[in-house]
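Enquirer: Supplied in structure tokens, the structure appears directly below.
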Amino acid sequence: MRRTLPHSLIILTITCLLWSAILVPVQAVPPVGWSGDSNLSFLLEVNGVNAAGLNASNPLPISLSSDLDLELQIYVDTNLTIHSGTFTMSYLYIPLINQPFDLSSFGEIPENTTASLLNASIPLGSLLGVGNLSLISGTITGAFTFIYSTSTAPSVNETVSEDFVLRIGDTGVGAILSVSGLITAAFTVMSVFTLILSLDEFQQGIMAARKLRGAKRASDVGIFPRAVVLRRKPKKGAEKIDKDELIRRVSSAAGNAWNQKSCPKCGRKWKKDSPTCAKCGIDTSAAIAYFSDDIAEYAPKALTVIKPKSKVTVGQLGKRLRLKPDKAGALAAALVDMGALQTKSVKVPLKKVAFSGMTLAGTYWSWMQMIGGATPDWVTVLLTITAGLVVSVMIGYFMNFLARVPELGYD
């Protein structure tokens with residue numbers, strides 16, 4: 001988005017007017033309200049308003065449908081040389097205009113000289129808009145800076161400057177109807193949505209950890225929750241799974257996983273306190289056997305899905321094997337009990353919480369700039385983002401502490 005003022009317009013204007021200032025000195029003193037210091041004073045007017053009075057609490061409202069008029073006058077109280085000047089305009093400290101001027105070739109300016117140095121217009125519509133759509137909205141900071149040295153101390157450079165604040169576009173909700181406003185709103189919604197989902201995942205992880213906490217073996221848990229992370233040790237030779245042993249262990253782990261849910265054979269909902277399925281007639285013991293036998297067939301596939309040295313959650317295992325959560329949990333518990341797999345953690349979205357917290361903190365000043373007219377410096381913005389990251393990481397680690405689980409398997 002970085003743009004520069006047309007050199008042919010600005011440089012020519014400054015050159016002509018500055019030469020006239022040097023050749024035609026006028027005895028005068030600067031009026032009250034000018035910027036600068038006792039050696040070099042200047043008056044910068046933006047759309048006819050003194051820039052010295054334009055700050056964050058009193059910005060100048062401007063429209064992209066009209067040009068931005070700049071007028072600059074200087075008063076030199078002592079013999080000096082202006083080495084350079086710079087005009088900048090920034091949005092959240094992103095430079096939109098950064099136009100330097102080399103003025104050292106004009107030589108020494110005599111004392112008690114006043115001159116009109118600049119009279120130009122900036123086409124804001126082409127710079128900050130596309131058609132009827134504004135690229136940005138809110139506050140823009142601008143500055144004019146001069147670097148000079150006096151004849152009494154030619155080797156010492158002095159700097160004088162004046163900042164001003166402009167406000168582009170509507171205030172309140174209307175400020176969102178720009179490209180920057182829509183991007184800010186999109187990032188905010190994305191961050192809030194991500195944070196909500198992350199906290200939900202954390203809740204599932206904490207609930208899963210509570211179920212595992214205190215267990216000595218996987219059979220004590222029965223059915224592993226979806227958030228449990230399964231690990232597989234490095235492969236050392238061929239792994240053999242005793243199917244009969246697996247069926248027995250799955251039967252033990254299965255317990256009442258399907259009870260009062262769906263029939264493992266036909267999928268129909270199992271009626272409460274009913275000894276048989278109303279559709280296929282399978283009874284309780286046969287249902288458990290069917291449930292266990294069905295899961296046991298997926299054991300070799302499970303070891304294929306979970307590669308050596310890899311980590312897979314029970315939920316991911318169920319999706320890859322196309323098993324329902326209760327069956328995937330029973331299979332995982334049985335494989336852990338047999339020593340084929342291990343678990344010592346549950347899935348927690350620590351990185352998502354940190355990212356969403358940092359993004360929300362980063363959009364805070366963008367909202368304040370659009371709606372509240374704030375003009376924060378980059379240090380404030382950086383500190384806010386860092387604080388958001390630190391707070392979100394601390395919250396994430398606290399929730400991660402609540403989701404700690406014992407180590408099960410590999411024994």
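Enquirer: Considering only the stretch 152-176, state which residues are of a type outside the set (A, V, I, L, M, F, W, C) and either farther than 16 Å from Trp367 by Cβ or surrounded by fewer than 16 Cβ atoms within 10 Å (Cβ to Cβ) (or both). Steps first, please.
Expert: Step one: of the stretch 152-176, the residues of a type outside the set (A, V, I, L, M, F, W, C) are 152, 154-155, 157-159, 161-163, 167, 169-172, 174.
Answer for the stretch 152-176, where residues must be of a type outside the set (A, V, I, L, M, F, W, C) and either farther than 16 Å from Trp367 by Cβ or surrounded by fewer than 16 Cβ atoms within 10 Å (Cβ to Cβ) (or both): Thr152, Pro154, Ser155, Asn157, Glu158, Thr159, Ser161, Glu162, Asp163, Thr171, Gly172, Gly174.
Quick grid of which residues meet (1) of a type outside the set (Phe, Trp, Tyr); (2) open to solvent by less than 30 Å² (accessible area, probe 1.4 Å); (3) modelled with pLDDT of 85 or more:
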| position | (1), (2), (3) |
| --- | --- |
| Asn39 | yes, no, yes |
| Leu43 | yes, yes, yes |
| Asn47 | yes, no, yes |
| Ala52 | yes, no, yes |
| Ile62 | yes, yes, no |
| Ile74 | yes, yes, yes |
| Thr78 | yes, no, yes |
| Ser84 | yes, no, yes |
| Thr88 | yes, no, yes |
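Enquirer: Looking at Asp294, is it farther than 23 Å from Leu230 by Cβ and not aromatic (Phe, Trp, Tyr)? Steps first, please.
Expert: Numbers: farther than 23 Å from Leu230 by Cβ: no; not aromatic (Phe, Trp, Tyr): yes.
Against the criterion (farther than 23 Å from Leu230 by Cβ and not aromatic (Phe, Trp, Tyr)), Asp294 does not qualify.
Enquirer: Follow-up. Among the listed residues Pro6, Pro100, Pro110, which satisfies the condition of being surrounded by fewer than 16 Cβ atoms within 10 Å (Cβ to Cβ), within 30 Å of Val179 (Cβ to Cβ) and at pLDDT 80 or above? It would help to see each step written out before you state the result.
Expert: Details: Pro6 fails: at pLDDT 80 or above; Pro110 fails: within 30 Å of Val179 (Cβ to Cβ).
Result: Pro100 is the single residue among Pro6, Pro100, Pro110 that is surrounded by fewer than 16 Cβ atoms within 10 Å (Cβ to Cβ), within 30 Å of Val179 (Cβ to Cβ) and at pLDDT 80 or above.
Enquirer: For the stretch 385-396, indicate whether the set of residues that are in a helix (DSSP H, G or I), at pLDDT 85 or above, under 20 Å from Ile176 (Cα atoms) and not polar (S, T, N, Q) is non-empty. Reasoning before the result, please.
Expert: So the first thing to find is which residues in the stretch 385-396 are in a helix (DSSP H, G or I), and the list is 385-396.
Still in the list and also at pLDDT 85 or above: 385-396.
Those still in the list that are under 20 Å from Ile176 (Cα atoms) too: none.
Within the stretch 385-396 (the criterion being in a helix (DSSP H, G or I), at pLDDT 85 or above, under 20 Å from Ile176 (Cα atoms) and not polar (S, T, N, Q)), the answer is no, since none of the residues qualifies.
Enquirer: Out of (1) open to solvent by less than 60 Å² (accessible area, probe 1.4 Å); (2) under 23 Å from Asn47 (Cβ atoms), what's the single condition that is false for Ser149?
Expert: Here Ser149 clears every test but (2).
Enquirer: Find the strands (runs of 3 or more DSSP E) located wholly in the stretch 53-114 whose residues include 1 or more that are under 25 Å from Pro154 (Cα atoms) and touching a Pro at 6+ places or on another chain (Cβ under 7 Å), and list them. Even if it seems obvious, please write down each step before you answer.
Expert: Values: elements: 60-62, 68-76, 80-91, 94-102.
It comes to 68-76, 80-91.
Enquirer: Moving on to the next point. Restricting to the stretch 113-146, name every residue that is buried (at least 16 other Cβ atoms within 10 Å of the Cβ), under 18 Å from Asp77 (Cα atoms) and in contact with a helix residue (DSSP H, G or I) (Cβ under 9 Å, 6 or more places away or on another chain).
Expert: Thr113, Thr114, Ala115, Leu117
Quick grid of which residues meet (1) part of a strand (DSSP E or B); (2) farther than 30 Å from Phe355 by Cβ:
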position: Phe144; (1), (2): yes, yes
position: Thr152; (1), (2): no, yes
position: Glu162; (1), (2): yes, yes
position: Val173; (1), (2): no, no
position: Glu201; (1), (2): no, no
position: Ser219; (1), (2): no, yes
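Enquirer: Further question on the same structure: Among the residues in the stretch 188-210, are any open to solvent by 20 Å² or more (accessible area, probe 1.4 Å), among the aliphatic types (A, V, I, L, M), at pLDDT below 80 and farther than 30 Å from Pro110 by Cβ?
Expert: Looking only at the stretch 188-210, we keep the residues that are open to solvent by 20 Å² or more (accessible area, probe 1.4 Å), and these are 188-190, 192-197, 199-201, 203-204, 206-207, 210.
Subsequent filtering for residues that are among the aliphatic types (A, V, I, L, M) retains 189-190, 192, 195-197, 199, 206-207.
With the extra rule that they be at pLDDT below 80, the set shrinks to none.
Checking the stretch 188-210: not a single residue is open to solvent by 20 Å² or more (accessible area, probe 1.4 Å), among the aliphatic types (A, V, I, L, M), at pLDDT below 80 and farther than 30 Å from Pro110 by Cβ.
Enquirer: Working carefully through the options Ala215, Ala208, find the one that is small (Gly, Ala, Ser) and out of contact with any helix residue (DSSP H, G or I) (no Cβ under 8 Å at 6 or more places or on another chain).
Expert: Working: Ala215 fails: out of contact with any helix residue (DSSP H, G or I) (no Cβ under 8 Å at 6 or more places or on another chain).
Ala208 is the lone residue from the list that is small (Gly, Ala, Ser) and out of contact with any helix residue (DSSP H, G or I) (no Cβ under 8 Å at 6 or more places or on another chain).
Enquirer: Okay, moving on. Hey, could you check the stretch 304-349 for residues that are among the polar types (S, T, N, Q) and out of contact with any Gly (no Cβ under 7 Å at 6 or more places or on another chain) and say which is least open to solvent (accessible area, probe 1.4 Å)? Give the steps one after another, and end with the answer.
Expert: Restricting attention to the stretch 304-349, the residues satisfying the condition of being among the polar types (S, T, N, Q) are 304, 310, 313, 316, 342-343, 345.
Those left that are additionally out of contact with any Gly (no Cβ under 7 Å at 6 or more places or on another chain): 304, 310, 313, 316, 345.
Working: Thr304: 82, Ser310: 30, Thr313: 15, Gln316: 68, Ser345: 30 Å².
Filtering first and then ranking leaves Thr313.
The values are calculated or read from the model by the stated rules, or taken from the named source; none is laboratory data. Treat the numbers as computed from the prediction; the structure is a model and nothing was measured. Cβ sites come from the backbone with ideal geometry, for glycine too, and all protein chains shown count toward neighbours. We work out accessible area using only protein heavy atoms, side chains counted, and drop any ligands, DNA or RNA first. Shrake-Rupley method; radii C 1.70, N 1.55, O 1.52, S 1.80 Å.
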